[in-house]
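Enquirer: Here you go, one structure.
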């Protein structure tokens, strides 16, 4: 990783939840409110549409180059767009293959939800993975196929192991402003609906940052 990754408030986009606003408009507001990293995710979009969406989000992030842009799963789209990195799940391309495709300077994130999954990440050569998403903390309708809820204590335990190995650890799954302060021991939290579906994404991001600091 060529630069420090600030994952304090990591936004994963959801096109349907952002509607009728555009994803880039929501991202721009959210970054103004305190989002520090963005992942473009749209499982229903074609590769062509996902590329267009990624480039549109890149355009609104241009004034804030310190905010990295990840693409969910689609390594080809990330390469064509020149995104900062890719995040993959347990059923996506293996992290070591993603790293080989992206090169040493890109950011690679991996979803983990158990000791065994984290063991597999930690067994990879150093520099393969930069970030682990740990969850779900609680069950969430935005990802119904996620594994069993870890609860804050389970997340803390996995995050401690990941951080000890030099990885950035973010918690994801069911996190809202009402419970964000319960999620501790991580480098940041990852949210979807609490920002994408908010009437005021900037204010939603500000509130999450405030609650995280409690």
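Enquirer: Give the shape of the stretch 74-123 as rounded, prolate or oblate, defined through the alpha-carbon gyration tensor: a ≥ b ≥ c are the square roots of its eigenvalues, a/c under 1.5 means rounded, and otherwise the shape is prolate if a/b is larger than b/c and oblate if not.
Expert: Cα axes put the stretch 74-123 in the prolate bin.
Enquirer: In square nanometres, what is one fourth of the surface area of the convex hull spanned by the alpha carbons of the stretch 121-214?
Expert: Directional mean of the projected Cα hull area for the stretch 121-214 stands at 6.4 nm².
Enquirer: Among 193, 46, 139, 177, which comes first, second and so on when ranked by fewest other beta-carbon atoms within 10 Å?
Expert: Going from sparsest to densest Cβ surroundings: 46, 139, 193, 177.
Enquirer: Same structure again: Quick one: if the Förster radius is 30 Å, what FRET efficiency do residue 197 and residue 56 give, using the C-beta to C-beta distance and rounding to 0.05?
Expert: That gives a FRET efficiency of 0.95.
Enquirer: Rounded to the nearest 500, what is the 222 nm mean residue ellipticity of the chain from helices alone, with -39500 (n - 2.57) per DSSP H run of 4+ residues and division by all residues?
Expert: Dividing the helical sum by the residues of the chain leaves -11000 deg cm²/dmol.
Enquirer: Within the stretch 71-106, list the residues whose amide N lies under 20 Å from a label point set 7 Å along Cα→Cβ of residue 46.
Expert: Counting backbone N atoms under 20 Å from the label point, the list is 72-81.
Enquirer: Provide 119, 92, 194, 73 in ascending order of the number of other Cβ atoms located within 10 Å of each residue's Cβ, fewest first.
Expert: 119, 92, 73, 194
Enquirer: Here's something else I'd like to know. Suppose each label sits 7 Å from its Cα in the direction of the beta carbon; what would the residue 210-residue 179 distance come out to in nanometres?
Expert: Using points 7 Å along Cα→Cβ, the separation is 2.1 nm.
Enquirer: Tell me, what is the percent relative contact order of the stretch 9-212, built from C-alpha pairs under 8 Å that lie six or more residues apart?
Expert: Dividing the mean separation by the residue count of the stretch 9-212 yields 22 percent.
Enquirer: Using the Kirkwood formula on the Cα atoms of the chain, what hydrodynamic radius do you get, in angstrom to one decimal?
Expert: 16.9
Readers should treat all values here as calculations from the given coordinates under stated rules, not as data from a laboratory. Since we're looking at a predicted model, the values are computed, not measured. Quick reminder, even Gly has a Cβ in these numbers, built from the backbone with ideal geometry, and neighbours come from all protein chains shown.
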